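S.K.: Dropping the structure in here first, questions after.
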Amino acid sequence: MSHGQAAAVADAETHTNTETDASGVRAALSGLTTRGRSFLAAGVAAAICAYVLGQSDLLRVGLLLAVLPLVCVSVLYRTRHRVTGSRRLTPSRVPAGAEARVHLRLDNVSRLPTGLLMLQDRVPYVLGPRPRFVLDRMEPGGRREVSYRVRSDLRGRYPLGPLQLRLNDPFGMCELTRSFGAFDTLTVIPRTEPLPPVRLLGDASGHGDGRLRSLALAGDDDVIPRTYRYGDDLRRVHWRSTARHGELMVRREEQPQRARCTVLLDTRQLAYEGSGPDSAFEWAVSGAASTLVHILERGFAVRVLTDTGQSVPGEGANGFTASAQESAQSAGLMMDMLAVVEQSDGEGLTAAHDVLRGGSEGLLVAFFGDLDAEQTALAGRLRQRAGAAVAFVLDSENWATGGTATAAADQRVRALREVGWTALAVPPGASLPALWQQAGQQRAETGGGTAGTGTWS
């Protein structure tokens, strides 16, 4: 089956030992309905009275009443594996607030018709009420298909399943609930907003005249000679190196390196107040998601870095996306990480500083929570490793109370600007596209800050 689809057979396993069979029988007997229990009790009572009174006719009636629910239990227990079910989730990854549809299908693969069926799928409460469906009698080889929608305003990964089927016998004597052993996972990623094209330095995309150049990775050419390989163009033979090394050497030409962008997300718990879809932390996560999607669309090599030093996708040079062809896959990895990212117990940005200290220049876009004087100074040192740096600073106290920006927050923003950051304070409910445009204007007015080569679109 395709990705996002799961199928199982309800209790199709063969019980090979007496203990398992006994437990199955006990489970089936526990499924007797009120009607079934009443028939069984009446039959036992009639049989006892017939024995005491010596009435054979009453004994026959009692046996009939007692045996009927037991026969229904036996038939229902032995035919439980004849129903199969599958689930298909489309799509399996949705933004917060968007809907996904779950398609359920049941097939009766036995030669006998089923009774009335109740189908139930288990879903987390944040996705909505638990869906239940009543299905009419299914003919042999019959099929029934139903669907329902799920939606969450909270990002995360949510399991769907197991699918449960409630079986009834035609007389209503017994009711069994069987579970299918297949699960699906719905990934709710942060909301993203389209950002306007804004030019900071150089070109308006990840490639251009001012691009950086370096040794190519993953099959690209390098700037120094190397040993001749079968299939190399003989016109690229470097004869001077060949004479020096005594073997055939070829030139490896210099190739452009994709412009890089690091999206830094401050996840420290002490840097944010409040929770929920409208909290400052959720705005920062959504802002990071919008930024990485926008930057990837413009050909940049991108990575998402948190204050803990965790880098995603973690492949390629220094954790950046390895090639333009892998952008879609890398975007999925980063979105999946942002879907489940939680606030950390860290107290500072030291781990992120260590990661950036070992990297090369590029664009740095940071989403900060509350910064004290020490962390503001550390953020200032992060700027030294970037050709262009933009910071969105959230004042958690301001977000929690809905008031105006505090003096401490304004001071942090000014301190970042003094060391070359394009820094903006983020008021509650701010529009990221508007702030993005404002950052571009501020960057143009300040003349680009410290020296460096980079672009931002």
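S.K.: Taking the stretch 334-379 as the search range and keeping residues that are more than 24 Å from residue 260 (Cβ to Cβ) and in contact with an Asp or Glu (Cβ under 6 Å, 6 or more places away or on another chain), which one is most open to solvent (accessible area, probe 1.4 Å)?
M.R.: Among those that are more than 24 Å from residue 260 (Cβ to Cβ) and in contact with an Asp or Glu (Cβ under 6 Å, 6 or more places away or on another chain), it is 346.
S.K.: Of everything in the stretch 282-313, what is among the aromatic types (Phe, Trp, Tyr) and modelled with pLDDT of 95 or more? Give them in sequence order.
M.R.: Result: 283, single match.
S.K.: State whether the residues of the stretch 236-246 include one that is open to solvent by 60 Å² or more (accessible area, probe 1.4 Å), at pLDDT below 85, of a type outside the set (Gly, Ala, Ser) and assigned to a loop (DSSP other than H, G, I, E, B).
M.R.: no
S.K.: Any chance you could count how many residues in the stretch 69-98 are in a loop (DSSP other than H, G, I, E, B) and either of a type outside the set (A, V, I, L, M) or at positive phi (or both)?
M.R.: 4
S.K.: Among the residues of the stretch 380-399, count how many are in a helix (DSSP H, G or I) and either open to solvent by 60 Å² or more (accessible area, probe 1.4 Å) or charged (D, E, K, R) (or both).
M.R.: Qualifying residue count for the region: 5.
S.K.: I'd like the full set of residues that are crowded, with 17+ Cβ neighbours inside 10 Å and without any contact (Cβ under 8 Å) to a residue 12 or more places away in the chain, limited to the stretch 37-62.
M.R.: None - no residue of the stretch 37-62 is crowded, with 17+ Cβ neighbours inside 10 Å and without any contact (Cβ under 8 Å) to a residue 12 or more places away in the chain, so the list stays empty.
S.K.: Quick check on the stretch 247-261: of everything there that is at pLDDT below 70 and either assigned to a loop (DSSP other than H, G, I, E, B) or among the aromatic types (Phe, Trp, Tyr) (or both), which residue is surrounded by the most Cβ atoms within 10 Å (Cβ to Cβ)?
M.R.: It comes out as 257.
S.K.: Looking at 62, 43, 85 in this structure, which one is over 30 Å from residue 335 (Cα atoms), at pLDDT 90 or above and under 57 Å from the mean Cα position of the chain (by Cα)?
M.R.: Within the list 62, 43, 85, the selection yields 43.
S.K.: So which residues in the stretch 1-30 are under 38 Å from the mean Cα position of the chain (by Cα) and either modelled with pLDDT of 75 or more or surrounded by 13 or more Cβ atoms within 10 Å (Cβ to Cβ) (or both)?
M.R.: Across the stretch 1-30, the qualifying residues are 4, 5, 6, 7, 8, 9, 10, 11, 12, 15, 24, 27.
S.K.: Here is a further query. Return the only residue of 412, 381 being within 24 Å of residue 444 (Cβ to Cβ) and in contact with a helix residue (DSSP H, G or I) (Cβ under 7 Å, 6 or more places away or on another chain).
M.R.: None of the other options fit; the residue is 412.
S.K.: Can you tell me which of 151, 137, 132 is among the basic types (Lys, Arg) and under 19 Å from residue 86 (Cβ atoms)?
M.R.: Criteria check complete, one pass: 132.
S.K.: Which fully enclosed strands (runs of 3 or more DSSP E) of the stretch 111-225 have 1 or more residues being modelled with pLDDT of 90 or more, under 30 Å from residue 283 (Cα atoms) and in contact with a strand residue (DSSP E or B) (Cβ under 9 Å, 6 or more places away or on another chain)?
M.R.: 143-151, 156-160, 184-189
The values are calculated or read from the model by the stated rules, or taken from the named source; none is laboratory data. As the structure is a prediction and not an experimental result, all values here were calculated from the model. Neighbour counts run over all protein chains shown; Cβ positions are idealised from the backbone, glycine included. The area values use the complete protein model at the heavy-atom level, side chains included, leaving out ligands, DNA and RNA. Shrake-Rupley method; radii C 1.70, N 1.55, O 1.52, S 1.80 Å.
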